[in-house]
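What follows is a single structure, written as structure tokens, with notes after it.
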Amino acid sequence: MEALDHFLAMGGYARFVWPAYALAVIVLGGFVIETLVTYRKRQRALDEAEKRRR
Amino acid sequence: MFRLANPNRFMQWSGTILPWSAIATVLLLGAGLYLALFVAPPDYQQGESVRIMYVHVPSAYMATTVYGLMAAASAVALIWRHPVADIAAREAAPLGAGFTLLCLVTGSLWGKPMWGTWWVWDARLTSVLVLFFLYLGYIALINAFDEPTRGARAGAILALVGVVNLPIIKFSVDWWNTLHQPASIFRLGGPTIAPSMLWPLAIMALGFTLLFVTLWLMRIRSALMAAKLRALRLQQAA
Amino acid sequence: MSAFLTLVARDLRLALRQGGDAAMVIAFFVLSVVLFPFAVGPEPELLQRIAAGIVWVTALLAALLSLERLFQADYEDGSLEALALLPLPLEAQVLAKCLAHWLVTGLPLIIVAPLLALLLQLDPAGYPALIAGMVLGTPILSLIGAIGAALSLGARRGGVLLSLLVLPLYIPVLIFGVAAIEAEIQGFGPRPDLLLLAALLVLAVGLVPFAAAAALRLALE
């Protein structure tokens with residue numbers, strides 16, 4: 001537990017380090033999610049349209 | 001590369017590469033995060049705040065590299081009129097802007113404990129801020145026209161003009177900085193970077209690169225699918 | 001050459017007939033400079049320190065105002081298509097347009113700038129560098145602005161888009177323009193910064209016509 005506290009505290013710099021990593025996760029993760037969602041949506045729509053064509 | 005100008009060939013090629021790229025991304029980012037947060041040592045001067053470097057430096061590297069790729073794709077689009085190149089340039093832009101924003105904010109978060117201030121008009125920071133505005137201008141321009149090809153070509157011209165401007169900005173801001181601010185040179189990370197820090201940094205940088213490649217390929221494929229969908233719908237309506 | 005000059009003359013005549021542009025640019029320049037003493041207070045020491053920056057930034061913004069109409073009128077009434085068919089290359093026509101624009105907006109800015117600097121208590125040592133910088137810099141502003149104007153022709157929210165595109169490109173001009181004045185005031189000599197401005201001008205004259213002409217052709221497709 002103490003080791004976890006020590007880790008989270010980041011030597012006193014916690015309020016700088018963790019927001020930095022959090023922002024990275026949010027921005028990059030956000031891109032991943034948006035890209036995947038749009039991709040799947042278009043893939044589904046394309047498959048349907050091609051099925052209807054046949 | 002020119003074979004890939006054909007949308008179907010691109011879909012085939014990217015379809016085989018994509019799974020590997022995605023796997024490599026997950027592995028590299030996973031390893032990189034573990035090394036950055038748990039294994040890498042704290043800096044003797046900056047303590048644990050140096051861990052921000054493992055996010056900040058790869059972001060900075062991606063911010064400029066993506067712009068270079070965007071400009072290269074724009075050049076190909078203008079010279080050879082490859083539709084895939086147009087799409088590649090347009091899809092790179094939001095990713096590049098995202099990396100630039102990440103670079104600026106994490107840099108600010110790193111700068112506060114290191115320099116005591118959230119922002120400093122240092123040559124490098126100012127150039128990256130201008131790079132961010134170039135990305136925003138590009139995205140605005142691409143979306144400013146009802147006709148998509150007009151937007152894509154206009155964006156291509158702007159991307160190339162921006163490439164010329166980037167070294168000029170860097171150069172002029174360097175001059176401006178050294179002429180008017182009593183500069184104490186802050187060396188990031190200490191005199192030379194120790195191997196125990198270099199490895200996590202390299203792996204994170206590689207992870208970021210592969211993340212970009214994976215996302216970029218997916219977004220281009222996505223755009224090509226959307227184009228195909230539009231064409232099909234037009235056909236079916238007729 | 002004569003075709004080039006004819007075009008410049010044509011644009012000048014049109015601008016003079018309309019009459020609004022130069023007056024509007026100068027009015028904006030003066031008004032926005034005058035805002036600063038109200039905002040930061042009239043202490044001479046403070047104003048003196050920021051005078052060079054204020055004059056340059058407001059000149060830049062004033063130049064930006066007139067850019068939207070650089071190609072707009074010709075584009076809208078179809079003259080641009082006709083001009084594109086002329087034997088004179090579009091690149092040369094862009095230069096002609098920029099020259100006319102500079103004569104109508106840049107020159108007045110150069111003339112008024114020292115007067116405004118007076119109001120802001122600019123150190124007298126800085127005036128030559130101010131004028132020299134403006135002489136070198138305002139043509140660059142017209143040239144770079146032409147790229148933005150050509151790219152944003154017919155775009156939604158063209159005016160705002162133009163500013164967004166052009167301002168990052170203006171930054172080096174601003175930096176060297178102000179640096180020249182500061183250098184002269186502090187005794188270092190404005191030469192290096194003025195030479196850099198000159199280099200930017202040469203670069204702009206060389207490259208802008210191609211970028212702007214490409215953008216114009218794009219707009220005409």
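Read-outs: derived from the displayed coordinates by stated rules, not from any lab. Note that the structure is a prediction, hence the values are computed from the model and not measured. Cβ: placed from backbone, ideal geometry, glycine included. Neighbour counts: every protein chain shown.
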So who's got an amide H within less than 5 Å of the one on B:Asn143, skipping anything under 5 residues away but keeping other chains? H placed 1.01 Å off N, in plane. none
Under the Karplus curve 6.51 cos²θ - 1.76 cosθ + 1.60, θ = phi - 60°, whole-Hz ³J(HN,Hα) for segment C:61-71, x wherever Gly or Pro sits: 5, 5, 4, 4, 4, 8, 6, 4, 8, 4, 10
Just order A:35-45, B:222-232 by mean Cβ neighbour count inside 10 Å, highest at the front, would you? B:222-232, A:35-45
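Could you work out the mean count of beta carbons from other protein chains within 10 Å of each residue's beta carbon in C:176-186?
Details: counts 4, 0, 2, 5, 0, 0, 3, 2, 0, 0, 2.
Rounded to a whole number, the mean comes out at 2.
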Debye, to nearest 20: dipole size of the protein assembly as shown, +1 on Lys, Arg Cβ, -1 on Asp, Glu Cβ: 2100 debye
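C:Ala117: net charge of surrounding residues, Cβ under 15 Å, Lys/Arg +1, Asp/Glu -1, itself excluded? All intermediate terms of the calculation are to be shown ahead of the outcome.
Values: positive: C:Arg49; negative: C:Asp123, C:Glu182, C:Glu184.
Local net charge: -2.
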Of C:Ser142, C:Leu61, C:Val104, which is farthest on the positive side of the dipole of segment C:8-144, counting Cα position, with +1 on Lys and Arg Cβ, -1 on Asp and Glu Cβ, and the Cα centre as origin? C:Val104
Which Cα, out of B:Trp176, B:Ala85, B:Ala140, lies furthest along the positive dipole direction of chain B (beta carbon charges, K/R +1, D/E -1)? B:Ala85
For a quick check: with amide H placed at 1.01 Å from N, whose amide H comes under 5 Å from B:Ala40's, ignoring anything fewer than 5 positions away on the same chain? none
At what distance in angstrom do the alpha carbon centres of segment B:99-158 and segment C:1-68 lie from each other? 28 Å
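State to the nearest 20 debye the size of the charge dipole of chain C about its Cα centre, where the only charges are +1 on K and R beta carbons and -1 on D and E beta carbons. Intermediate results must be reported in sequence, preceding the final value.
On the way: 10 positive and 15 negative charges, 54 e Å.
The dipole magnitude comes to about 260 debye.
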Convert each backbone phi in segment B:102-113 into a coupling constant with the Karplus relation 6.51 cos²θ - 1.76 cosθ + 1.60 (shift: θ = phi - 60°), then list the ³J(HN,Hα) values in order as whole Hz, x for Gly and Pro. 4, 4, 5, 5, 5, x, 5, 5, 6, x, 4, x
Tell me which aspartates and glutamates have Cα within less than 19 Å of A:Lys41's Cα, excluding those fewer than 8 residues away on the same chain? A:Glu50, B:Glu91
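List B:Thr214, B:Thr209 from most exposed to least, where exposure is judged by having the fewest other Cβ atoms within 10 Å. Let's see the in-between values first.
On the way: B:Thr214 22, B:Thr209 18.
If I rank by nearby Cβ atoms, fewest first, I get B:Thr209, B:Thr214.
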Tell me which of B:Phe212, C:Leu167, B:Val105 sits at the most positive position along the dipole axis of the protein assembly as shown, charges placed on C-beta atoms (Lys, Arg +1; Asp, Glu -1). B:Phe212
Quick check: convex hull of the Cα atoms in chain C, volume per residue, rounded to a whole Å³? 112 Å³
Per-residue ellipticity at 222 nm attributable to helices in chain C (runs of n ≥ 4 DSSP H, -39500 (n - 2.57) apiece, nearest 500 deg cm²/dmol) works out to -28500 deg cm²/dmol
About the Cα centre of chain B, how large is the charge dipole given +1 on each Lys and Arg Cβ and -1 on each Asp and Glu Cβ? Please answer in debye to the nearest 20. 720 debye
Averaged over residues of B:123-132, the number of beta carbons from other chains lying within 10 Å of each residue's Cβ is 1
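How many percent of all Cα-Cα pairs in segment C:65-131 sit more than 19 Å apart? It would help to have the intermediate numbers written out before the result.
Working: 1127 of 2211 pairs.
Taking all Cα-Cα pairs of segment C:65-131, the fraction more than 19 Å apart is 51 percent.
Would you calculate the convex hull of the Cα atoms in chain A and tell me its volume per residue in Å³? Each step should come with its number before you reach the end.
Numbers: hull volume 3.8 nm³, N = 54.
In chain A, the Cα convex hull volume per residue is 71 Å³.
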For segment C:47-58, Karplus-derived ³J(HN,Hα) couplings (6.51, -1.76, 1.60; θ = phi - 60°; whole Hz; x for glycine and proline) come out as 4, 4, 5, 9, 4, 4, x, 4, 4, 5, 4, 5
More than 36 Å apart - percent of Cα-Cα pairs taken over the protein assembly as shown: 43 percent
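Need one value for B:215-223: mean number of C-beta atoms belonging to other chains within 10 Å of its residues' C-beta atoms.
The per-residue average across the peptide is 4.
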Förster radius 25 Å - calculated FRET efficiency between B:Val164 and B:Thr117, Cβ distance, rounded to 0.05: 0.20
Find how much the distance from C:Met1 to C:Val30 grows on full extension, using 0.36 nm per residue of separation minus their present alpha carbon separation; answer in nm with one decimal. 6.8 nm
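Applying a 10 Å radius around every beta-carbon, put C:27-36, B:14-23 in order of their mean neighbour count, most first. Before the final figure, lay out the partial values.
On the way: C:27-36: 16.8, B:14-23: 13.6.
Peptide ranking by packing, descending: C:27-36, B:14-23.
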Just the Cα atoms of chain B, one point each, no solvent: what log10 I(q)/I(0) does Debye give at q = 0.10 Å⁻¹? -0.56
